[in-house]
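Below is one structure, written out as structure tokens; the observations come after it.
The values are calculated or read from the model by the stated rules, or taken from the named source; none is laboratory data. No experiment lies behind these values; they were computed from the predicted model shown. Glycine also receives a Cβ, built like all others from the backbone with ideal geometry; neighbour counts cover every protein chain displayed.
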Amino acid sequence: MTTIQARKATVARSVTRPDGRSRRSRQISLKTILIVLAAVSLAPYLFMIVTSFKTNQQFADSFWQISFPLHFENYAVAWNQIAPYLFNTAVVAAVSIVLILLIASISGFVLARYRFLGRGFIYGAVLVLMMVPGLANLIPLFIIMKDLGLLNTYIVLVIPYTAGGVVLGTILIRNFVEGIPQTLFDAARLDGASGARMYRSVMLPLSLPVLGTIALITVSEVWNDFFWPLLVISDNNLRTVSVGLQFFQGQNVTDYGPLMAGYLLASLPLVFLFTFLSKYFLAGVQGGVPGTH
Amino acid sequence: MVVTLDAPSRLPSPSADPRKAERTPRKRVVRWWIYLALLPLAIIIGYFAYYPAVSAIFWSFFHWQPAAESTFLGFGNYVTMFNDQIWWLSFRNLGFIFAFAVVSWILPLLAAELLISLRSIRWQFTMRTLLIIPMAFPGVVTALVWGFFYSPNDGVINQTLKALGLGALAQNWTGQNSTALLSLLFVGFPFIAGLPFLIFYSSLQNIPTEVLEAAQLDGVGRFARFWQIDLPLMASQVRILLFLAVVGTLQYGFVAYVLTQGGPDNATMVPILRMINVAFSGGDWGYSAALSTTLFLITIIISAVVVMARKRGSDTTDGGAM
């Protein structure tokens, strides 16, 4: 029904417009709209960068413009406060990544390559967790950690990230290993390789891209998680970036330059990772979608 | 591949405890090291994912006092929940947040369509990169910068309005009932940098060129192509996105915490914040466990419904909802 109308409309349009120039002008308008959209998306971040070089006086004079001289000392001020948060986040992320990759790669390998009693059950138990957001466990997990006496330690941060990461990691690795041709493993077996040897020499080298993706997802998870560190860490020396920034904001509400410099410093590591490894990042973001793998 | 211990289908129940296999004598070799290899996984998800969920269900029937004796309440906490105005208000807010999120997909969809229509590959790549850069920034930074935009006195929005001579329109954006929730939702405008955009873009890229060529021969224009080719082919992806939006909405909270703490007058209250407040400010852990259990069950039910619908739908309508 609508087909015919639409077709008529297009025919009419292509008749009235000479092709070459209209196509070029359409491309130009496409580009213009896209540039406007990108500018609006990026405006808050550009604002943050511009403001981070200003004093309050410069900020009051002009909002959006860059004003000279640039005040780099804002960054020194911010760095002193932000650095511990960055360090904590890096430690927590690194430990979580090591644990996740270790546990998930072994489990994924075993689940993909061996048949045994309870295999479907274990994998099913992992899949179910994929559907349940960790936030639903916040309250009981807090009490468990409190009873274990782990509040205000790195461990209390590492454990839930590991538990969450292991779930996604096992699924991604299992699916990846299932896709590795059986002949490779058969060949290794003929050469006398044991299961552990096949894990180390066949599966691990091949699955490096997946491992990288999982590592990146973990970094971004640790960097962004908010409620868990908010509840379990009260010692300012142990805060991670997201909660630390909120505290930092409270400390610098009236010093816009250092405030924005701090925000930027806290974002830079993620932005760098994203820029240089965006392929894995995007694979990770989309790989987390149930049903696409 | 390797020796099969037993075909899973012949087992009485696939959910039998794997460790039982070690104890019961069998003819074939039991590969005990398989279970040893899976032990870390089992421990970590068992103790830190399943056990908390189960203990939340258990304690939700108590007046739970983690440090002292807890008293059994039966369904008392759930009765409290049904009478909790703030809790239901928070779900009304969630409904609004969800509707807003879904409607806001128009922008990523538009961006993806525009992007795919660019002829120059280099332009496509550059614009795509620029559009997704905001994803690289931590969510808290985005929320805090937007909070700075909204702040009543020095806030960028109000100052800009004043500079334009529209000072009368200046508001306490996050501080008054009427605008607080909308202000929160506009954080991250125009919402392009995110999963919906990536999924729209990649599914548009994956439309086979033959289909597009055939359409072109038939004289199908750009808008007709959108309705007749792009949208139907994206149907299954949109279903996934809807599911993710539901789960994401249920977890919505940290932007509200950072910008308004659920206020003013609970106008931006969401379930997660309510749950945390009840436990950490109110000290009512059992009630909080009941709220947590409710959220957990809602998520599980929605997931199950979606998985079922996908299974049924994939036979008939996958990609062909024309």
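On the basis of being within 14 Å of another protein chain (Cβ to nearest Cβ) and in a loop (DSSP other than H, G, I, E, B), does B:Pro196 make the cut? Considered against the rule, which asks whether it is within 14 Å of another protein chain (Cβ to nearest Cβ) and in a loop (DSSP other than H, G, I, E, B), B:Pro196 comes out as no. For B:Asn83, state whether it is more than 14 Å from chain A (Cβ to nearest Cβ) and touching a helix residue (DSSP H, G or I) at 6+ places or on another chain (Cβ under 8 Å). Judged against the criteria, B:Asn83 is not a match.
Among all positions in the stretch B:123-142, there is at least one residue which is more than 30 Å from A:Leu265 (Cβ to Cβ) and assigned to a helix (DSSP H, G or I). Within the stretch A:266-281, the set of residues being at the interface with another protein chain (Cβ under 9 Å from one of its Cβ atoms), closer than 30 Å to B:Asn153 by Cα and surrounded by fewer than 17 Cβ atoms within 10 Å (Cβ to Cβ) is empty.
Look at B:Leu204 and say whether it is touching a helix residue (DSSP H, G or I) at 6+ places or on another chain (Cβ under 6 Å) and among the hydrophobic types (A, V, I, L, M, F, W, C).
Values: touching a helix residue (DSSP H, G or I) at 6+ places or on another chain (Cβ under 6 Å): yes; among the hydrophobic types (A, V, I, L, M, F, W, C): yes.
Yes, satisfied.
Does the stretch A:247-265 contain any residue that is at the interface with another protein chain (Cβ under 9 Å from one of its Cβ atoms) and under 19 Å from A:Ser96 (Cα atoms)? No; the residues of the stretch A:247-265 include none that is at the interface with another protein chain (Cβ under 9 Å from one of its Cβ atoms) and under 19 Å from A:Ser96 (Cα atoms).
Restricting attention to the stretch A:229-253 and to residues that are in a helix (DSSP H, G or I) and touching a Ser or Thr at 6+ places or on another chain (Cβ under 9 Å), the residue that is surrounded by the fewest Cβ atoms within 10 Å (Cβ to Cβ) turns out to be A:Leu230. The sole residue among A:Leu245, A:Leu231, A:Leu264 that is among the hydrophobic types (A, V, I, L, M, F, W, C) and closer than 13 Å to A:Asn74 by Cβ is A:Leu264.
Could you list, in sequence order, the residues of the stretch A:22-48 that are under 18 Å from B:Arg222 (Cα atoms) and facing chain B (nearest Cβ under 9 Å)? Within the stretch A:22-48, A:Arg23, A:Arg26, A:Gln27, A:Leu30, A:Lys31, A:Ile33, A:Leu34 meet the criteria. Just one of the numbered conditions (1) closer than 19 Å to A:Thr89 by Cβ; (2) of a type in the set (A, V, I, L, M, F, W, C); (3) more than 9 Å from every other protein chain (Cβ to nearest Cβ) is not true of A:Trp223: (3). With respect to the conditions (1) in a loop (DSSP other than H, G, I, E, B); (2) modelled with pLDDT under 80; (3) of a type in the set (Ser, Thr, Tyr), B:Ser314 falls short on a single one, namely (1).
Looking at B:Leu144, B:Leu181, B:Leu130, which one is farther than 25 Å from A:Asn56 by Cβ, among the aliphatic types (A, V, I, L, M) and within 11 Å of another protein chain (Cβ to nearest Cβ)? So that I can check it myself, show each step before the final result.
Working: B:Leu144 fails: farther than 25 Å from A:Asn56 by Cβ; B:Leu181 fails: within 11 Å of another protein chain (Cβ to nearest Cβ).
Every option except B:Leu130 fails the conditions.
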